[in-house]
Amino acid sequence: MKLIRKISDLRESLKTYDDKSSTGFIPTMGFLHEGHLSLIKKSISENDVTIVSIFVNPIQFGPEEDFGTYPRDLKKDTILLESFGVDILFHPEKEEIFPENFNTTVKVSELDNVLCGASRPGHFDGVTTIVMKLFNIIDPDIAYFGQKDAQQLIIIKKMTMDLNLDVKLKSIPVVREKDGLAMSSRNIRLSEKGRKSANILNRALKISKETIVNNKVFDPDLIKELIRKMIESEKSIIIDYIEIVSLDLLEKIKKIDMNNTLVAVAINIDGVRLIDNFILGDI
Ligand code: AMP
């Protein structure tokens, strides 16, 4: 595996591959876990060349957010990626991607106003700007994203469509710990007690999904209330949002549609922000 830090070196390296070889790309912020690895494995099985980026993207963090304390372990990540057979790890410095005079933002309007976008103003502008830059640098055939960040995936799909980008997007379902907690690089920052409490997130979503599917309860307010009550049973949790929206437009809905619904939750425990969701339909 090549570890590359400069854009020019990456471009040179990409030229050495046959024009006909397909390239799979997985953008990450590192501190890799099984969730990332499921995307990477998929890319390796589907492409001749797999490129992973590790870049803790400063412009997608708000001033009060955890950019500084976001977990990092390049050594461990490198060993892991090497053992999986990744071809290139792109790990640029902040200045390589965002030089001092950087002045451009890629913005997907409307979809970025709700859910995490409402609580984290500017977050998705940061995400779409970095993903657009990485797509331009790497020019992948297929890019892989996790459904754990469902809103991010929907926004990147819209950007790809609106800007006629020549890249196919593929998504992978949420990968979970044994007790159901969605894997996240941030889980490491939870206290032992917080880690136990965090499990309620998955349980609440699981029960609400069963209530929709088995008991045919399609009223979003009733489902939101069910989730809220369960999460509130854990006193250490601060709820950011519980939302039920359409999967395509992320708009509030009056009735849950079995083919077009996103149920998404964001909470804070121990000052750590966690998100989780389930979808009814395809993304
Ligand atoms: P991150 O490093 O958190 O920016 O994530 C990089 C990619 O991995 C994104 O496409 C995420 O959606 C995906 N990802 C992160 N956690 C999970 C998970 N638990 N299951 C599936 N995909 C995930």
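Before moving on, here are some points about what is shown:
- Output for the stretch 142-160, where each listed residue is among the small types (Gly, Ala, Ser) and open to solvent by less than 10 Å² (accessible area, probe 1.4 Å): Ala143, Ala150
- A single entry from Gly24, Gly35, Gly30 fulfils the requirement of being on the phi > 0 side of the Ramachandran plot and either surrounded by 16 or more Cβ atoms within 10 Å (Cβ to Cβ) or not in a strand (DSSP E or B) (or both): Gly30.
- Breaking point among (1) within 14 Å of the ligand (Cβ to nearest atom); (2) closer than 20 Å to Thr261 by Cα, for His123: (2)
- Close pairs from the stretch 160-185: first in a helix (DSSP H, G or I), partner within 14 Å of the ligand (Cβ to nearest atom) and aromatic (Phe, Trp, Tyr), Cβ under 8 Å, at least 6 apart: Ser185/Phe31; Ser185/Tyr70
- The set of residues from the stretch 1-21 being in a loop (DSSP other than H, G, I, E, B) and small (Gly, Ala, Ser) comprises just one member, Ser21.
- Checking each residue in the stretch 9-60 for being within 11 Å of the ligand (Cβ to nearest atom) and of a type outside the set (A, V, I, L, M, F, W, C) picks out Pro27, Thr28, Gly30, His33, Glu34, Gly35, His36, Ser38, Lys42, Ser53, Asn57, Gln60.
- Residue match in the stretch 201-214 (condition: in contact with a helix residue (DSSP H, G or I) (Cβ under 9 Å, 6 or more places away or on another chain) and either under 22 Å from His36 (Cβ atoms) or within 14 Å of the ligand (Cβ to nearest atom) (or both)): yes
The values are calculated or read from the model by the stated rules, or taken from the named source; none is laboratory data. Note that this is a predicted model, so its numbers are computed, not measured. Neighbour counts run over all protein chains shown; Cβ positions are idealised from the backbone, glycine included. Remember, those area values only see protein heavy atoms, side chains included, never the ligands or the DNA or RNA. Shrake-Rupley method; radii C 1.70, N 1.55, O 1.52, S 1.80 Å.
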